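The values are calculated or read from the model by the stated rules, or taken from the named source; none is laboratory data. All of these numbers come straight from a predicted model, not from anything done at the bench. For neighbour counting, all protein chains shown are included, and Cβ atoms are generated from backbone atoms with ideal geometry for every residue, glycine included.
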Amino acid sequence: MTLTSILPTLRASIPDPLAIDRWPEWTHPTTTDVIVSGVSLLRLVDICDTPCVHSAAAVVPGTHGRPSDTEQASVVVARVTSIERPGVLTLDAELGAASACLEEARMIGRVSTRRSRPFQLGNAVVALPEDLAVGDLIVVPCAGSISCRQLRAGVAS
């Protein structure tokens, strides 16, 4: 349990911490964004729209962020397209083909000072702010290198 999960109003001034071993190299959060290897994921969405992917070297587990010489990691940014029934979430990306680390999923683009709650995403459950709305951006780290084509496989055009 983190300080921002106990007192979610702190998210307005400090970002939720992340598990550095699950994200690509040189990842750090801000209150409204995640920066991966110097690339703002919000800016990436401005350029590429959603879903989009950014890949970089993976982090060697237990090294406090040392980049791997051989492994890759990716970050997917997707948009919430619907919230059906309370707590059932749909994104504009199909994450089934990605080795997504859903326990690290986080909202970017705005600050929420509301408590996190579980949302059903496919066959998994993800904890996101309870005021999550259609149009919000969700970022999820994934093991390995993935492409946008893999995310769009199950999405109708």
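Given (1) among the charged types (D, E, K, R); (2) in contact (Cβ under 8 Å) with a residue 60 or more places away in the chain; (3) assigned to a loop (DSSP other than H, G, I, E, B), identify the lone condition not met by E25.
Here E25 meets the rest and fails (2).
Mind checking whether some residue in segment 94-106 is touching a Phe, Trp or Tyr at 6+ places or on another chain (Cβ under 8 Å) and either under 16 Å from I20 (Cβ atoms) or not aliphatic (A, V, I, L, M) (or both)?
Taking segment 94-106 and keeping what is touching a Phe, Trp or Tyr at 6+ places or on another chain (Cβ under 8 Å), we get 104.
Subset that is either under 16 Å from I20 (Cβ atoms) or not aliphatic (A, V, I, L, M) (or both): 104.
Checked against the condition, which is being touching a Phe, Trp or Tyr at 6+ places or on another chain (Cβ under 8 Å) and either under 16 Å from I20 (Cβ atoms) or not aliphatic (A, V, I, L, M) (or both), segment 94-106 yields at least one hit.
Consider T9 against the criteria (1) part of a helix (DSSP H, G or I); (2) under 16 Å from the mean Cα position of the chain (by Cα); (3) surrounded by fewer than 17 Cβ atoms within 10 Å (Cβ to Cβ); (4) not aliphatic (A, V, I, L, M): it satisfies all of them except one. Which criterion is unmet?
(2)
Given the condition among the acidic types (D, E), surrounded by 14 or more Cβ atoms within 10 Å (Cβ to Cβ) and at pLDDT below 95, answer yes or no: does some residue in segment 75-89 qualify?
Of segment 75-89, the ones among the acidic types (D, E) are 84.
Going one step further and asking which of them are surrounded by 14 or more Cβ atoms within 10 Å (Cβ to Cβ), we end up with none.
So far as segment 75-89 goes, no, none of its residues is among the acidic types (D, E), surrounded by 14 or more Cβ atoms within 10 Å (Cβ to Cβ) and at pLDDT below 95.
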